[in-house]
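The values are calculated or read from the model by the stated rules, or taken from the named source; none is laboratory data. Predicted, not measured: the structure shown is a model, and the values here were computed from it. Methodologically, a virtual Cβ is constructed for each residue, glycine included, from the backbone with ideal geometry; neighbour enumeration extends over all protein chains shown. Only protein heavy atoms, including side chains, enter the accessible area calculation; ligands, DNA and RNA are left aside. Shrake-Rupley method; radii C 1.70, N 1.55, O 1.52, S 1.80 Å.
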Amino acid sequence: MAIMREWYRTPFDWNGLLTWLGARAIPGLESVDENTYRRGSVRVWHEDDAVQTNAQRKRVRRVFDLDADPAAIHAALGRDRMLAPLLRKRPGVRVPGAWDPFELAVRAIVGQQVSVAGARTILGRIAAAHTITPERLAEVTVEGMPRKRAETIRNLARAVVHREVILGQSDLTQLPGIGSWTASYIAMRLGDADAFPAGDLVLRRNAGDLTERELLKRAEAWRPFRAYAAMLLWMR
């Protein structure tokens, strides 16, 4: 089965999206090589303005942000002198979505204050030792990472199991160990087009060494697509 051009609005920054996903692919769960993303029996590739997949259409649409409206995003961000050249470099920028909301939340927590490569290694170990589901991680202590971060994962898993939080809807900052950066990062990758982790050091640096307050003020003009502005700044 193939997701043809009419299934998404062009342009589509496939290369940028695949590079992002490849750098963060969890060993043992997913892989990226050349022009293909693989996860279990699912294969996704891009060819002649078509995204093709053999299964899991809904999840693929979410991961590859196929419902984005590039024209609206360009209209909102293209007026900004800093973002305009980045849009020209990456027309059709997408925000990578999530295969599974809870797995994404675990990714975000593991990624707190560590490199992308370091987080990927830890996530690979977690995937090898456990199934990354709230039911499983609510009952174990994840090894190989700071104790408080492991407790945050377990507390989140328990909150999800007991329906105390709903990922994509609840304010996650109510949970110990989840601050505004983590909550905003999870929100943007779960489809909130205006989520914006303004405290991110790379975003602040790439925006001109701004303070968090300065960046938030600048980003007001980027609404309602601040998540896409974040992707442009991260990948500049």
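May I ask you to list the residues in the stretch 100-125 that are open to solvent by 30 Å² or more (accessible area, probe 1.4 Å) and within 18 Å of Gly28 (Cβ to Cβ)?
Hits for the stretch 100-125 are Asp100, Arg107, Val116, Ala117, Arg120, Thr121, Arg125.
Test Asp80 against the criterion of being on the phi < 0 side of the Ramachandran plot, modelled with pLDDT of 90 or more, open to solvent by 40 Å² or more (accessible area, probe 1.4 Å) and among the acidic types (Asp, Glu), and give yes or no.
Judged against the criteria, Asp80 is not a match.
Which one of these does Trp181 not meet: (1) open to solvent by less than 30 Å² (accessible area, probe 1.4 Å); (2) part of a helix (DSSP H, G or I); (3) among the hydrophobic types (A, V, I, L, M, F, W, C)?
Evaluating Trp181 over (1) open to solvent by less than 30 Å² (accessible area, probe 1.4 Å); (2) part of a helix (DSSP H, G or I); (3) among the hydrophobic types (A, V, I, L, M, F, W, C) leaves (1) as the failure.
Return the total of residues in the stretch 152-182 being within 22 Å of Arg136 (Cα to Cα) and either touching a residue at least 12 places away in the same chain (Cβ under 8 Å) or acidic (Asp, Glu) (or both).
Residues that pass the stated criteria total 19.
Any idea which residue in the stretch 183-197 is nearest to Arg218 (Cα to Cα), counting only those that are in contact with a Ser or Thr (Cβ under 8 Å, 6 or more places away or on another chain), of a type in the set (A, V, I, L, M, F, W, C) and in contact (Cβ under 8 Å) with a residue 24 or more places away in the chain?
Phe196
Is it fair to say Tyr228 is in a helix (DSSP H, G or I), of a type in the set (Phe, Trp, Tyr) and under 21 Å from Leu87 (Cβ atoms)? Even if it seems obvious, please write down each step before you answer.
On the way: in a helix (DSSP H, G or I): yes; of a type in the set (Phe, Trp, Tyr): yes; under 21 Å from Leu87 (Cβ atoms): yes.
Answer is yes for this residue.
Residues checked against (1) open to solvent by 60 Å² or more (accessible area, probe 1.4 Å); (2) among the hydrophobic types (A, V, I, L, M, F, W, C); (3) in a helix (DSSP H, G or I):
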| position | (1), (2), (3) |
| --- | --- |
| Glu139 | yes, no, no |
| Met145 | no, yes, no |
| Lys148 | yes, no, yes |
| Ile153 | no, yes, yes |
| Gln169 | yes, no, no |
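Which of the numbered conditions does Ala75 fail, given that it passes all the others? Conditions: (1) crowded, with 16+ Cβ neighbours inside 10 Å; (2) out of contact with any Lys or Arg (no Cβ under 6 Å at 6 or more places or on another chain); (3) at pLDDT 95 or above.
(1)
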